[in-house]
Amino acid sequence: MDVRMEQTWKDRLADEFDKEYFHFLAEFVRSAYRNEVVYPPPKCIFRAFEMCPFDQVKVVILGQDPYHGPKQAHGLCFSVNEGIALPPSLVNIFREIEDDCKVSVSKTGDLSRWARQGVLLLNATLTVTQGRAGSHQHKGWEDFTDRVVDLLSREREHLVFLLWGRYAQEKGARIDMTRHLVLKAAHPSPLSAHSGFFGCRHFRSANEYLAAHGKQGIDWR
């Protein structure tokens, strides 16, 4: 497995690459790409870490799996490639931004524009087999991304963590809330968005917190 990652992340995660679980994970992922249709493309597995260096992270959004439909996933949670129809959860995210921040959001689903500003768009599991949500869970990815969350929680200060849905909230239980702002809401999926995601006001709250700690807010448009 080719680990393409910005150097500040590689330096901090080097020990993980030598652990037994990661060797098992790497072999599982290599085999999956050889024998199945797997997303995202191999070069995009670690794209979130390529686009958002460790010391530039301001906001962390935790997802679960990459999208498992053709041409959707490209290594950033909730994001899809340019020109791909917006998934329902992303439609609801944009709706909440427009209501919360009183802005018009670009209708492209490629969220690279957020990553370049310091938003780490992190899925708990970084690969998935086509059409099979959750197919690469419990193979080691969760251990790896738990380590990522731990590093951010311990080594950085005044980050904003956006935890949408029970899965993200359970994964975020390890975050030091005395050092960071942790915002929780229902998942933006159409199944749950009306149960607490709409009206959560996370995007404005994140920017207010960043500004209060001397940081530039995120242009969510």
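When the Cα gyration tensor is reduced to axis lengths a ≥ b ≥ c, the ratio a/c is 1.5 or higher for region 43-102, and with a/b not above b/c it is classed as oblate.
Shape call for region 1-50 from the C-alpha gyration tensor, a ≥ b ≥ c root eigenvalues: rounded (a/c under 1.5), prolate (a/b greater than b/c) or oblate? Oblate is the answer for region 1-50, as a/c is 1.5 or above yet b/c matches or exceeds a/b. Listed values for region 13-26 are Karplus-derived 3J(HN,Hα) couplings in whole Hz (6.51 cos²θ - 1.76 cosθ + 1.60, θ = phi - 60°), namely 9, 4, 5, 5, 5, 8, 7, 4, 4, 6, 5, 5, 4, 4, and x replaces Gly and Pro.
For Leu159, the residues 5 or more places off, or on other chains, whose built amide H falls under 5 Å of its own are Leu181. Inter-label distance, Arg204 to Lys43: 4.1 nm, where each label sits 7 Å from its Cα along the C-beta direction. Surface listing: Ser112, Ser192, Ser104 arranged by accessible area from highest to lowest gives Ser104, Ser192, Ser112, probe 1.4 Å. Sorted into 10 angstrom bins from 0, the C-alpha pair distances of the chain split as 8, 35, 39, 16, 2, 0 percent.
Using a 1.4 Å probe on the protein heavy atoms, what percent of the accessible area of the chain belongs to carbon and sulfur?
Carbon-and-sulfur percentage of accessible area, whole number: 48.
Which whole-number percent is the relative contact order of the chain (Cα, under 8 Å, 6+ apart)? Relative contact order comes out at 23 percent. Couplings 3J(HN,Hα) of region 186-197, computed from phi: 5, 5, x, 3, x, 6, 9, 4, 6, 9, x, 7 Hz, in residue order, whole Hz [Karplus 6.51 cos²θ - 1.76 cosθ + 1.60, θ = phi - 60°; x for Gly and Pro].
Think of each Lys and Arg Cβ as +1 and each Asp and Glu Cβ as -1; about the Cα centre, that makes the dipole of the chain roughly 480 debye.
Helical runs assigned H by DSSP (4 residues or longer) give the chain a calculated mean residue ellipticity at 222 nm of -11000 deg cm²/dmol, each run adding -39500 (n - 2.57) before division by the residue total. In percent, what relative contact order does region 108-221 have, based on Cα pairs under 8 Å that are 6 or more apart in sequence? Relative CO of region 108-221 lands at 21 percent. Does region 1-85 come out rounded, prolate or oblate, given a ≥ b ≥ c as the square roots of the eigenvalues of its C-alpha gyration tensor, rounded meaning a/c under 1.5 and, failing that, prolate meaning a/b above b/c? Note, shape of region 1-85 comes out oblate. Phi angles across region 37-50 convert, under the Karplus curve 6.51 cos²θ - 1.76 cosθ + 1.60 with θ = phi - 60°, into 3J(HN,Hα) values of 8, 10, 10, x, x, x, 5, 9, 3, 9, 4, 4, 7, 6 Hz, Gly and Pro given as x. Close Lys pairs in the chain, defined as Cα atoms under 18 Å apart and 8 or more places apart or on different chains, number 9.
The values are calculated or read from the model by the stated rules, or taken from the named source; none is laboratory data. Just so we're clear, the structure is a prediction, and the values are computed from it rather than from any experiment. Note that we place each Cβ from the backbone using ideal geometry, even for glycine, and neighbour counts take in every protein chain shown. Heavy atoms of the whole protein, side chains included, go into the accessibility calculation; ligands, DNA and RNA do not. Shrake-Rupley method; radii C 1.70, N 1.55, O 1.52, S 1.80 Å.
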